[in-house]
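Worksheet for the structure shown next.
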Amino acid sequence: MVRRGIFYFIKKRTRSSAARWFIVAVIICSAAFLLNTIIAEVRPANIWGLTYGTLAAILMVGAALLGARRRMTKLALRSGMGKAQTWLQFHLYGGTLCLLLIFMHTGFRQPHGLLTWWLWFFSLWVSVSGVIGVILQKWIPKLLTSGLAIEAVYERIPELIAEIGEKVNALVDTCAAPVKDFYQKSIALALAAPRPRLIYCIDITGGIQSRLKQFAYLRGFLPAGEKEKLNQLEAFYKTKLEIDAHYTLQRLLRLWLYTHVPASLVLLVLLGMHLFAVLYY
């Protein structure tokens, strides 16, 4: 089974190696902080707090460079900026380690001042939403390939539904009155546009088989020729429902981007303001 998302190009062995390095880094940082508290109190303004804060800022900027790396793929390859999987690993693990260093920077105390509160809040938001994004990008493709017979590119979904609508209209025009009435009353609205449904997040089939039972009931009252047309209509309807499943889950992934990317940009702006305030005052 093909796995998509943030680890799409990362081999299992490489991913495990990166995770081990991350665990080692967390242990080293935690041990350093514990030893540090024995030597002196950690505060944001003293040498210890400034050291942790500087490391956090470097990691934060480095993780943010993933967006620039994605937009400069050809240039990155020519200039030797590194492979995509390396950047993805650094974005995930470096961003998470950055949050730990931010807590160490404040001595695991609540921040003081409006700017530092916002900086702390957005750091937490970006880190947590990033972890959620990794989970979604591993879970959603797996879910889509586990129970659906079709694949659909998100951008082409309106076009695919329009094509299905045209074929269904041409088919219904040739059908007898019972099938036409059934189409108008039961499924015409469902075929009109993409329809996201939360049930697809829990059950990938979204109750498709139960929805198809209404076709079986009508089929028992139709002659052979109309049964064949009803079967075709049922196939179109099932395809549309599976497209709705793709639309729901892929839309969820895109909605996640709106919670993570803008917050990341705000975090970088707040970081710049914070550094300016520290250096100026």
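List of remarks:
- Here the peptides 158-166, 46-54 are ranked by packing, the mean other Cβ count within 10 Å, and the order with the highest first is 46-54, 158-166.
- For the chain: lysine pairs under 15 Å (alpha-carbon distance), excluding those fewer than 8 apart on one chain: 13
- Positive-end extreme of charge dipole, the chain - chosen from LEU160, ILE199, LEU265 (charges on Cβ): LEU265
- Karplus-derived 3J(HN,Hα), 6.51/-1.76/1.60, for each residue of the stretch 41-46, Hz, glycine and proline x: 6, 9, 9, x, 8, 8
- Dipole-positive endmost among VAL128, ILE243, LEU66 within the chain (Cβ charges, Cα centre): LEU66
- Angle in degrees between helix 12-39 and the longest Cα principal axis of the chain, rounded to the nearest 10: 40
- Basic side chains Lys and Arg get +1 at the Cβ, acidic Asp and Glu get -1 at the Cβ, and with that the dipole of the chain about its Cα centre reaches some 740 debye.
- Amide H to amide H distances under 5 Å link ILE204 with no residue, where only residues 5 or more positions off or on other chains count and H is placed in the peptide plane.
- A Cβ-based charge dipole, computed about the Cα centre of the stretch 154-254 with Lys and Arg at +1 and Asp and Glu at -1, lands at about 280 debye.
- Tilt relative to the chain, helix 47-71 - C-alpha long axis, 0 to 90 degrees, to 10: 30
Every number here is computed from the coordinates shown, using simple stated rules; none is lab data. All values derive from a computational prediction rather than experimental measurement. Don't worry about glycine lacking a Cβ; one is built from the backbone with ideal geometry, like all the others, and counts go over all protein chains shown.
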